[in-house]
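Just so you know, all these numbers are worked out from the coordinates, no wet-lab data involved. Keep in mind the model is a prediction, meaning the values are calculated, not measured. Here the Cβ is made from the backbone with ideal geometry for all residues, glycine too, and neighbour counts use every protein chain on show.
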Amino acid sequence: MRDLQSVEEFQALKVTENVVFLFTAGWCSDCHFIDPFMPEIEEKYNFFTFISVNRDQFLDTCIEHDIFGIPSFLVYKNGLEAGRFVSKDRKTKEEIEQFLEELL
């Protein structure tokens, strides 16, 4: 998973890709909980491009998109928001996969 580099890149990806934005932060233990199994999820759901968004670096983007808890997922397909799995709660592999399955 690659890291978001700019707000401009975020805006471009929203309209040009089927993209899953993962909002995270280095200090977030619940974010690190999902690290070991995210590569497997990315491979299984390779229809999507996965982008890591550092909450601290892109705080205004988080506020603009109502991302107030992490880790959280925001999905765009064909330029439109297709789904969100947004909360401050720890997420399991099964919960993330169930969320993505509903978007296929």
Total lysine pairs under 18 Å (Cα atoms) in the chain, excluding pairs fewer than 8 apart on one chain: 4
Order of F10, F21 - criterion: other Cβ atoms within 10 Å of each residue's Cβ, fewest first: F10, F21
Neighbour-count ranking [beta-carbon atoms within 10 angstrom, fewest first] of L80, L22, L100: L80, L100, L22
Part-to-part distance (alpha-carbon centres) for segment 18-68 and segment 89-104, which is given in Å: 13
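Give me T49, T92, T61, T24 sorted ascending by neighbouring Cβ count inside 10 Å, so fewest comes first. Don't jump to the answer; show the numbers that get you there.
Working: T49 16, T92 12, T61 20, T24 24.
If I rank by nearby Cβ atoms, fewest first, I get T92, T49, T61, T24.
Given the rule -39500 (n - 2.57) for each run of at least 4 DSSP H residues, summed and divided by the residues of the chain, what is its mean residue ellipticity at 222 nm, to the nearest 500 deg cm²/dmol? Please report the intermediate quantities before stating the final value.
Working: 5 runs with 38 residues, N = 104.
Only helices count here, giving -9500 deg cm²/dmol.
Based on the Cβ-Cβ distance of D60 and E40, what FRET efficiency does E = 1/(1 + (r/R0)^6) give at R0 = 30 Å, to the nearest 0.05?
0.40
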Kirkwood-Stokes translational diffusion coefficient of segment 2-101, alpha-carbon pairs, 10 °C, 1.306 mPa s, µm²/s: 118
Across the chain: Cys residues that no other cysteine approaches within a C-beta distance under 4.7 Å: C62
Kirkwood hydrodynamic radius (C-alpha pairs) into Stokes-Einstein, segment 15-72, 4 °C and 1.567 mPa s, D in µm²/s: 107
Normalised contact order of segment 2-101, rounded percent, pairs of Cα under 8 Å and 6 or more residues apart: 36
Segment 1-47 - convex hull of alpha carbons, volume per residue in Å³: 77
